[in-house]
Amino acid sequence: MVVLSHLQASQMLQAQKNGQAVAKISLDLNLTESEVRLQPDCVLFPAGESLDWKSLEEISANEVACYTVEGNAAKAIKDFSEFSGRVYGLMPTASAPTMLISGIPMHRIKDTNPHQDTLNKIKAIAPIKGDVLDTTTGLGYTAIEAAKTARRVVTIEIDPTAQEIARLNPWSRDLFENPKI
């Protein structure tokens, strides 16, 4: 799945402006890089998806949202929770994204980033061994880091919308794939 933010969209727009036919861009919010083909009317992604330049300009202009690309369309990773009555969204940073709940970031982002914030929290309570209970999972960064040394991590997220946002976040992949969680 392709997940983009204004950071990657801006890089593709700049590459097009520079006349490049190919660009190396992260399609998973700065975890890895992939080659994309820059066509006159769109960008072609490795798995066959494409996105027109107008859509990339719109993504580039929105600094508080991440987008999935499915087929030929971009969709903001954002949804209203019937459970909590709040709007959830995924907001990019230069590293791991944060979750916005009704516009409020769920991680420290001033002078740090969500990944470093999580590492600092884990370091403060190290060593983590045995079983861990993590409440309010959110994007799962704490559970993912704790699972690196804990025997098992049980994490609880009661809002299905928060769970869906985490499923769309490339940085949360281990939350759903690590058997220790």
What ranking do ASP131, ASP79, ASP111 get, fewest neighbouring Cβ atoms within 10 angstrom at the top?
ASP111, ASP131, ASP79
Using 0.36 nm per residue of separation minus the Cα-Cα distance, give me the extension gain between ARG108 and PHE80 in nm, one decimal.
7.8 nm
For the chain: relative contact order, % (alpha-carbon pairs under 8 angstrom, 6 or more apart):
16
If I take all pairs of Cα atoms in segment 107-177, what percentage of them are more than 13 Å from each other?
65
For segment 2-76, what percent of Cα pairs sit more than 19 Å apart?
20
Straight-distance crosslink candidates among lysines, where the alpha carbon sits under 16 Å from LYS24 and sequence neighbours closer than 8 are dropped:
none
Computed over segment 107-177: relative contact order in percent, which uses C-alpha pairs under 8 Å that are six or more apart:
28
Rounded to the nearest 20 debye, what is the charge dipole size of the chain about its Cα centre when +1 sits on each Lys and Arg Cβ and -1 on each Asp and Glu Cβ?
620
Starting from 0.36 nm per residue, how many nanometres of slack lie between SER10 and LYS121 once their C-alpha separation is accounted for?
36.8 nm
Putting +1 on Lys and Arg Cβ atoms and -1 on Asp and Glu Cβ atoms, find which of VAL87, TYR67, ILE77 reaches farthest to the positive end of the dipole of segment 55-94.
VAL87
Please identify the longest segment of the chain free of exposed trypsin sites (Lys or Arg not before Pro), where exposed means a DSSP state other than H, G, I, E or B and no more than 10 other Cβ atoms within 10 Å.
1-109
Given the C-alpha atoms of the chain, compute the convex hull and give its volume per residue in Å³.
119
Gain in length, ASP174 to ASN18, computed as 0.36 nm per residue apart minus the alpha-carbon separation, to one decimal in nm?
52.5 nm
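Values in this text are rule-based calculations from the coordinates and carry no lab data. Remember, predicted model here, so these are calculated numbers, not experimental data. No Cβ is skipped: glycine too gets one built from the backbone with ideal geometry, and neighbour counts run over all protein chains shown.
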